Amino acid sequence: MLGNMPDTPTAESLETTRQVWSIPRAGSLARLTLNSEPLAPPAEREVQVEVTAVGVNFADVFACLGLYSATPTGRFTPGLECAGRVRCVGSGVVRWRPGDRVIVLTRFGGYATALNVHEETLWPTPEDWTDAQAAAYPVQALTAWYGLTSLGNARRGAVVLVQSAAGGVGLNALQALQTLGARAVAVVGSAAKREWLIGQYGLTAETVIVRSPRFAEDLDAALASLGAGGFDLVFDAVYGADFQPSFTRLAAEGRHVLFGAADFMSTGRRPNPFRLAWRYLRRPRLDPLAMISQNRGLLAFNLIWLWHEASRLPDAMRGTLALIPRPPHIGGRYAFEDAHAALAAIQSGRTVGKLVLEPQRASVARAE
Ligand SMILES: NC(=O)c1ccc[n+]([C@@H]2O[C@H](COP(=O)([O-])OP(=O)(O)OC[C@H]3O[C@@H](n4cnc5c(N)ncnc54)[C@H](OP(=O)(O)O)[C@@H]3O)[C@@H](O)[C@H]2O)c1
């Protein structure tokens, strides 16, 4: 139900002021500032949403640093997803009504306390989910769904290596693999994440690997513990030194699905451009002719492409919710004005699960 809003908003009540994070041009997180600005009433087929939670993605850091190819040129507001309540609707909108709880997909622009969005980019929030869970869900769950099923052909019994398994996409991937009855081998960056995953996801000591110079041996031990000769699928958004050892352990018909390059991120506040350039120049490369003889394949994707395929979104969300029905694990909740703290946390590589910004939360950033 709608709180203290009028049932039929008048033209005056449609005018609002919002808080919005924006950056004049990509290149440095320090340029990201919070401003107040008027928000026009929603145009035809647009819905105005009062935002109660914003999902923070690793891609937001990449976008602000200018390392993400889809980043707009010039001024932009980061943010690929949020959740909240419909405040009012523009002409021609029949599906949404004031007060509806909604999940919103944005191609940037989500770091705002209110926004106007096309009616096709909304999805109803599942009844028993909080707004934080709703905002935390779509990008990472859709990524896991699309990468594992459409591209990865994950199925019952398949042996699947999941990189950054304690992260946002990673936990969604583990949940999807549980639904499918596939067998997961998880890779994480720290012993603390490993202990957490073993406790929460019932994985064994052999099937959760902490990234280290012993990575190749650990992969062999994990495969041996599952009685498997190779991986049917590698689900990878790190693309670093682990790439080659994982790719060469694909079984015949195995697929390596690459959807990010976290290894090109600097975990500290001051990126070292020379170190990153060196990593980029030394990035792993493959020989397609060798792939033919070895029956292995590499596929890659960027889900932001789906944003231009709005008519496919309902099917995509339905498929995702069937595969990943539980709400996501929230690893940290931050006040909206503490976006810098949330972005620094995700950049550190130490977070577990999803971080969200909440406009109604008091400004004391904390991890749960
Ligand atoms: N292509 C697409 O459509 C798409 C969509 C969504 C996300 N992604 C990609 O998927 C990955 C996961 O996204 P997410 O939002 O769920 O983030 P996340 O997994 O919650 O956080 C990123 C994780 O990357 C790992 N990592 C490895 N090297 C790192 C480095 N140099 N600096 C910082 N972190 C590093 C860290 O975990 P460990 O150290 O434990 O591995 C870190 O927690 C990201 O690479 C993101 O860009 C791609």
(message) Quick one: 3J(HN,Hα) in Hz for region 51-65, Karplus 6.51/-1.76/1.60 with θ = phi - 60°, rounded, Gly and Pro as x.
(response) 7, 10, 7, 10, x, 9, 10, 4, 4, 5, 5, 4, 5, 5, 7
(request) Could you pull the accessible area for Ser150 with a 1.4 Å probe, rounded to 10 Å²? (result) 60
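So which trypsin sites (Lys or Arg not before Pro) in region 137-218 end up in coil per DSSP with only 13 or fewer other C-beta atoms within 10 Å? Intermediate values should be presented prior to the final figure.
Values: sites: Arg155, Arg156, Arg183, Lys193, Arg194, Arg211, Arg214; in loops: Arg155, Arg156, Arg211, Arg214.
Sparse-neighbourhood loop trypsin sites (Lys or Arg not before Pro): Arg156, Arg214.
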(request) Would you mind checking which residues have amide H under 5 Å from Thr106's amide H? H placed 1.01 Å from N; only 5 or more apart, or other chain. (result) Glu81, Cys82
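Kindly report the accessible area of region 140-305 per residue (heavy atoms of protein chains, probe 1.4 Å, no ligands, DNA or RNA), in Å². Before the final figure, lay out the partial values.
On the way: 7680 Å² over 166 residues.
On a per-residue basis, region 140-305 sits at 46 Å².
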(request) Just report the Cα centroid separation between region 174-198 and region 233-267, whole Å. (result) 16
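Pull out a ≥ b ≥ c, the square roots of the eigenvalues of the alpha-carbon gyration tensor of region 279-368, then state rounded if a/c is under 1.5, prolate if not and a/b is larger than b/c, and oblate in the remaining case.
Working: a/c = 2.64, a/b = 1.57, b/c = 1.68.
Oblate.
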(message) Contact order normalised by length for the chain, with contacts defined as Cα pairs under 8 Å and 6 or more residues apart; what percent is it?
(response) 16
(request) Specify which residue in the list Ala241, Ala221, Ala136 is farthest towards the positive end of the charge dipole of region 126-274, using unit charges on the beta carbon of Lys, Arg (+1) and Asp, Glu (-1), about the Cα centre. (result) Ala241
(message) Output the 0 to 90 degree angle, nearest 10, between the alpha-carbon long axis of helix 215-225 and the longest principal axis computed from the alpha carbons of the chain.
(response) 80
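For the chain, compute Rh as the Kirkwood radius over C-alpha pairs and then the Stokes-Einstein diffusion coefficient at 20 °C and 1.002 mPa s; write the answer in µm²/s, rounded to an integer.
Details: Rh = 21.3 Å.
Here the translational diffusion coefficient equals 100 µm²/s.
Calculate what fraction, in whole %, of the accessible area of the chain sits on carbon and sulfur atoms when a 1.4 Å probe is rolled over the protein chains.
Values: 8740 of 16580 Å².
Within the chain, the accessible surface is 53 percent carbon and sulfur.
Rounded, prolate or oblate: which one fits region 78-140, using the alpha carbon gyration tensor with axes a ≥ b ≥ c (rounded when a/c is under 1.5, else prolate when a/b beats b/c, else oblate)?
On the way: a/c = 1.81, a/b = 1.20, b/c = 1.50.
Because a/c hits 1.5 or more and a/b fails to exceed b/c, region 78-140 counts as oblate.
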(message) Based on alpha-carbon centroids, what's the gap between region 274-305 and region 33-89 in Å, whole number please?
(response) 31
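Between the DSSP loop rule and a limit of at most 14 other Cβ atoms within 10 Å, which trypsin sites (Lys or Arg not before Pro) in region 273-368 are left?
Numbers: sites: Arg275, Arg279, Arg282, Arg285, Arg296, Arg312, Arg318, Arg333, Arg350, Lys354, Arg361, Arg366; in loops: Arg282, Arg285, Arg350, Arg361.
When the trypsin sites (Lys or Arg not before Pro) of region 273-368 are filtered for loop state and at most 14 Cβ neighbours within 10 Å, Arg282, Arg285 remain.
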(message) Could you identify which residue out of His256, His308, His329 has the top mean-square fluctuation in a GNM of the chain using Cα springs shorter than 10 Å?
(response) His308
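What's the whole-number percent of alpha carbon pairs in region 140-305 lying beyond 20 angstrom?
Summing the P(r) of region 140-305 above 20 Å gives 49 percent of all pairs.
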(message) Can you tell me the convex hull volume per residue for region 11-158, based on C-alpha atoms, in Å³ to the nearest whole number?
(response) 136
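For region 41-81, which GluC sites (Glu not before Pro) pass both filters: DSSP loop (anything but H, G, I, E, B) and at most 12 other C-beta atoms within 10 Å? Write down the numbers at each step before the final one.
Details: sites: Glu44, Glu46, Glu50, Glu81; in loops: Glu44.
Passing sites in region 41-81 are Glu44.
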(request) Would you pull out the residues with amide H under 5 Å of Tyr334's amide H, same chain only if 5 or more places away, H placed 1.01 Å from N? (result) Val356, Leu357, Glu358
(request) Would you please give the residues with an amide H less than 5 Å from that of Leu299, counting only those at least 5 places away or on a separate chain, with H modeled from the backbone geometry? (result) His256, Val257, Leu258
(message) I want to verify a result. In a Gaussian network model of the chain, Cα cutoff 10 Å, which of these has the top mean-square fluctuation: Ala63, Ala154, Ala316?
(response) Ala316
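The values are calculated or read from the model by the stated rules, or taken from the named source; none is laboratory data. These numbers come from a predicted model, not from an experiment. When we count neighbours, we look across all protein chains shown, and the Cβ atoms used for this are built from the backbone with ideal geometry, even at glycine. Side chains are part of the model used for accessible areas, which takes the heavy atoms of the whole protein and leaves out ligands, DNA and RNA. Shrake-Rupley method; radii C 1.70, N 1.55, O 1.52, S 1.80 Å.
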